[in-house]
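**Student:** Got a structure for you, written out below as structure tokens; questions coming shortly.
The values are calculated or read from the model by the stated rules, or taken from the named source; none is laboratory data. All values derive from a computational prediction rather than experimental measurement. Cβ: placed from backbone, ideal geometry, glycine included. Neighbour counts: every protein chain shown.
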Amino acid sequence: MATTKKFAQMSTKKLNALLETASEEEKNEILNVLNARNAASAGASAGTQEGNGAELTEEEKKAIAAAENGAEAEKAPAKEKPAKMTDEERATLAEKLRVEAVDHKCQVVPFNSIDWVDGVIVSVIEEKRTNKVMFAIKTDDGRRVVKAHDSKLIKILDETVERAKRTRGKKAEGSEAVNEEPWTDEEIEAAVQEVIGNVGKTVSYPEAGAYGQIAENASTVTGRIVSLVPAKRSKSILYRIELDQEDENAPKKYAHKVSTLDTLQIAEKLDEVGQKINEAFTTRRYKEPTEPKPTKNEKEALEYATDMLEKAKFQLEKAKQLVEKREAALASAKEAYDKAIEEGKTFDKPEAETEEQPEAEADGSADLM
């Protein structure tokens with residue numbers, strides 16, 4: 001049952017509405033509250049006009065104010081969530097930011113940091129999956145950071161930087177022509193020698209998201225460098241990395257990363273496994289070419305085919321002997337089993353192994369070897 005104190009905290013409008021459905025006892029309590037408020041209001045009016053009369057206590061004023069405010073809050077419509085951007089709105093915003101923000105200097109707080117660092121906004125990213133527009137930032141210390149365009153952890157400055165324009169094929173005015181000479185074997189070998197010591201080492205790097213950018217909460221990928229791949233078009237060496245997986249029986253996965261990538265964290269030394277991988281790679285790359293096998297003439301080919309047939313017949317004979325041996329063992333086991341059943345023996349619980357059983361197992365293992 002509601003108490004007078006609770007009714008005293010309700011608005012006058014709500015109390016009047018409750019009179020229609022309240023019980024007799026509750027109606028009396030509600031009327032007492034309403035009468036007290038009417039008397040207080042009348043007394044306040046009289047006091048204003050005549051300078052005397054009853055006034056509400058501070059507690060009554062607070063209770064009535066809280067009740068009226070609660071009623072107003074119920075009437076006020078709930079704040080609507082901001083509407084989700086459409087693809088067209090996202091594209092328009094991204095284009096606007098490319099004009100207004102790209103190449104501007106900025107200050108940003110990188111992921112897992114509390115310090116502001118200087119950098120430059122190098123591009124704008126449209127993340128269609130999350131429907132966000134983000135800034136790709138290159139900090140002055142060489143890191144790459146991605147921030148939402150409305151993040152409070154980025155400050156865009158008015159100062160801009162001028163980046164060198166990359167040209168392909170044609171010579172830009174005031175600059176040297178792009179070198180399109182082929183990468184020679186000698187240059188490839190020199191590049192390989194610079195990083196061959198890293199083959200076999202463990203490596204880790206942050207997982208890149210869309211457009212190759214690294215997000216703030218990017219997970220770390222670990223693996224081991226198992227080989228080198230020369231990329232002649234870009235004149236660079238790629239690390240072939242075997243990725244670590246939780247399931248050891250899962251198919252192997254690989255990634256290729258440029259050897260000059262600054263986010264790669266390569267172990268300083270080779271462990272025992274890495275040493276073997278490095279030695280195997282070096283041997284495979286620099287092994288001396290073997291002499292080609294001489295081609296057999298007709299007589300040698302006939303002799304070789306005859307010899308292979310004899311060997312196959314010999315293996316077939318051994319297989320037949322093994323099958324006969326296994327058939328005899330099966331017949332003996334079946335006979336012993338039938339005899340045991342006739343004698344009323346049950347096999348609900350396993351019997352202790354006999355001395356003959358290990359001999360049979362050992363004999364089978366030797367045949368498989």
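**Student:** Among residues belonging to segment 97-118 that are surrounded by 17 or more Cβ atoms within 10 Å (Cβ to Cβ) and under 26 Å from the mean Cα position of the chain (by Cα), point out the one that is modelled with the lowest pLDDT.
**Tutor:** 110
**Student:** Only one of 322, 309 is free of Cβ contacts under 8 Å to residues at least 24 places away in the same chain and of a type in the set (A, V, I, L, M, F, W, C). Can you tell me which?
**Tutor:** 309
**Student:** Looking at 167, 184, can you tell me which residue is modelled with pLDDT under 80 and of a type in the set (Val, Ile, Thr)?
**Tutor:** 167 is the lone residue from the list that is modelled with pLDDT under 80 and of a type in the set (Val, Ile, Thr).
**Student:** Could you list, in sequence order, the residues of segment 119-143 that are under 17 Å from residue 153 (Cα atoms) and surrounded by fewer than 13 Cβ atoms within 10 Å (Cβ to Cβ)?
**Tutor:** Selection gives 140 alone.
**Student:** Within segment 135-151, can you find the residues that are under 23 Å from the mean Cα position of the chain (by Cα) and of a type in the set (Gly, Ala, Ser)?
**Tutor:** First, pick out the residues of segment 135-151 that are under 23 Å from the mean Cα position of the chain (by Cα): 135-138, 143-149, 151.
Scanning segment 135-151 gives 136, 148, 151.
**Student:** Could you look through segment 270-291, keep only residues that are at pLDDT 90 or above and part of a loop (DSSP other than H, G, I, E, B), and pick out the one that is farthest from residue 237 (Cα to Cα)?
**Tutor:** Step by step, filter segment 270-291, then rank; the result is 271.
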